[in-house]
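J.: Structure in structure tokens, see below.
The values are calculated or read from the model by the stated rules, or taken from the named source; none is laboratory data. Quantities reported herein were computed from a predicted structural model and do not represent experimental measurements. Backbone-built Cβ (ideal geometry, glycine too); neighbour counts: all protein chains shown. Calculation scope for accessible area: heavy atoms of the full protein, side chains included, ligands and nucleic acids excluded. Shrake-Rupley method; radii C 1.70, N 1.55, O 1.52, S 1.80 Å.
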Amino acid sequence: MQDIRGNDIIKWVTVILDWILSCLLLAVFDELLPQYTTTSPLNGTKSEMIILLMSIIIATFAFPTVIHRRKMNVGLIVRRNALLVLMTMVIFVFTCRMITTSGNYIAFGVVYGFVLWISIMTLRFFERAVINHFRSEGRNSRTIVFLGNDPANLNVYNGLMSDPATGYRVLGYYSDSVIDNAPPSLPRIGSRDDFRKMMEEYPNGEIAMDELYCSLSHSEAGELRHIMEFCDKNVIRFYYVPRIFSNLQLSLRPEKFGDTVIFTNHHEPLMFLGNRVAKRIFDIVFSVFVLLMLLPLFPIIAVIIKTQSKGPVFFKQKRTGLNGDSFMCYKFRSMHVNADADRVQATKHDPRKFPFGEFMRKTNLDEFPQFLNVLKGDMSIVGPRPHMVFHTEKYSALIDKYMVRHFSKPGITGYAQVTGFRGETEELWQMEGRIQKDIWYIENWSMWLDIKIIFMTALSIVRPDKAAY
């Protein structure tokens, strides 16, 4: 309850400061920038101040501040403040327009709204710094204890302590054995028996603990129930941490299945129909645009390829795609026709490449026919790069999570390719790194991430990657 009251105080202080800031900024506009206020409904009277205050109060209930939350990212704060200011200005301008028909409302709303958003964001960073200091001094903090030696507890600990603004104070963990690789700041404070004795000693008393994170086997259901009852009686938040099995790097994540919570070892945003539809529409529109722009270049490229190397203009190869199914991938042919095309990767000084083919590979020009694959639905603009069937068979036997990359459509470009894992994989660790990047992309997909990867790929055309050969 002290934590709830403390967070409520932070929240309402932040809200009231927003209201004061908006009114002060309005007074500044009226005094220092008359060129805006004289042509708007603002004339320094109290009525406009009341309308503005009413507007931001309504907007605050729609987009309440989240700065008091212990786990918060800057992006969410920026978005919510932008929506807060936008709604405030819409209500304000609309209300003023209903009262009077004079004034340039839209011009004033754009200028004042932008300045207000910048001012609130500046205030937010100051408030966040104050909260960081406040919580680092041990105030408005939450005392944490872990139970069990599963590595999952270590993962939770690292997440809790990654940001000082969370205000978590970890006492340590109870377990019969130590947690491997646990830092000194996460000490073992006792055994499981010590924890049981503590529960017996303080069955209904005050405990110096606010939250308990427990990672025990499901076979200990009786003890888990007893621990939860103990936490309820002592107003301690209980969290069950799913155990990490074997050496899996993909966390188990909860999903609702009717009224039952189940856990899966992977969760992708593209599992949702809306996201898949949005990505597919973007793929089609972008592919049509690129193909129309490059259509005049295709005959020129075809002539150069034919001049420098005998054989077809297009190179077709069976690759592994969505759900492990194979498809025929198209490229401009960049190598002389050879018997090793379906088994051997291109190397830096590969004698199979002809001069224009090497240029195409460095600038990604050879990949452009894959926009046809995108239109067919075999590929996406962004996704894990499709591998040769031979490599799929080879690396799926060597790398545990290799096939996870096929939960997503393959892409013309990918997150791994723009973050240093492009080109030949001479050693196993290089392919393992590529797979980790592919899985990260699948689990963190967003349209903005796709756009960022496309932009980074476009830069590589101007500044070719050293690994592009």
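J.: Would you pick out the residues in the stretch 298-310 that are in a loop (DSSP other than H, G, I, E, B) and of a type in the set (Gly, Ala, Ser)?
T.: SER309
J.: So is SER141 touching a Gly at 6+ places or on another chain (Cβ under 8 Å), surrounded by 14 or more Cβ atoms within 10 Å (Cβ to Cβ) and at pLDDT 90 or above or not?
T.: no
J.: Give me the pairs, please: first residue somewhere in the stretch 196-208 and open to solvent by 100 Å² or more (accessible area, probe 1.4 Å), second residue anywhere and modelled with pLDDT under 85, beta-carbon distance under 6 Å, and either six or more positions apart or on two chains.
T.: Once the first residue is open to solvent by 100 Å² or more (accessible area, probe 1.4 Å) and sits in the stretch 196-208, its partners that are modelled with pLDDT under 85 give ASN204/LYS233.
J.: Continuing with this model, one more query. Any idea how many residues of the stretch 321-345 are of a type in the set (A, V, I, L, M, F, W, C) and more than 33 Å from the chain's Cα centre (by Cα)?
T.: The number of residues fulfilling the criteria is 6.
J.: Does the stretch 91-100 contain any residue that is at pLDDT 80 or above, within 26 Å of CYS231 (Cα to Cα) and surrounded by 18 or more Cβ atoms within 10 Å (Cβ to Cβ)?
T.: Within the stretch 91-100, none of the residues are at pLDDT 80 or above, within 26 Å of CYS231 (Cα to Cα) and surrounded by 18 or more Cβ atoms within 10 Å (Cβ to Cβ).
J.: Can you tell me which residue in the stretch 7-65 is modelled with the highest pLDDT, limited to those that are under 29 Å from the mean Cα position of the chain (by Cα) and in a loop (DSSP other than H, G, I, E, B)?
T.: PHE63
J.: Let me confirm something: among GLY75, GLY109, which residue is at pLDDT below 80, open to solvent by less than 70 Å² (accessible area, probe 1.4 Å), closer than 20 Å to TRP19 by Cα and of a type outside the set (Ser, Thr, Tyr)?
T.: Just one listed residue meets the conditions, GLY109.
J.: Which of the residues belonging to the stretch 225-257 are at pLDDT below 65 and open to solvent by 50 Å² or more (accessible area, probe 1.4 Å)?
T.: Scanning the stretch 225-257 gives PHE245, SER246, ASN247, LEU248, GLN249, SER251, LEU252, LYS256, PHE257.
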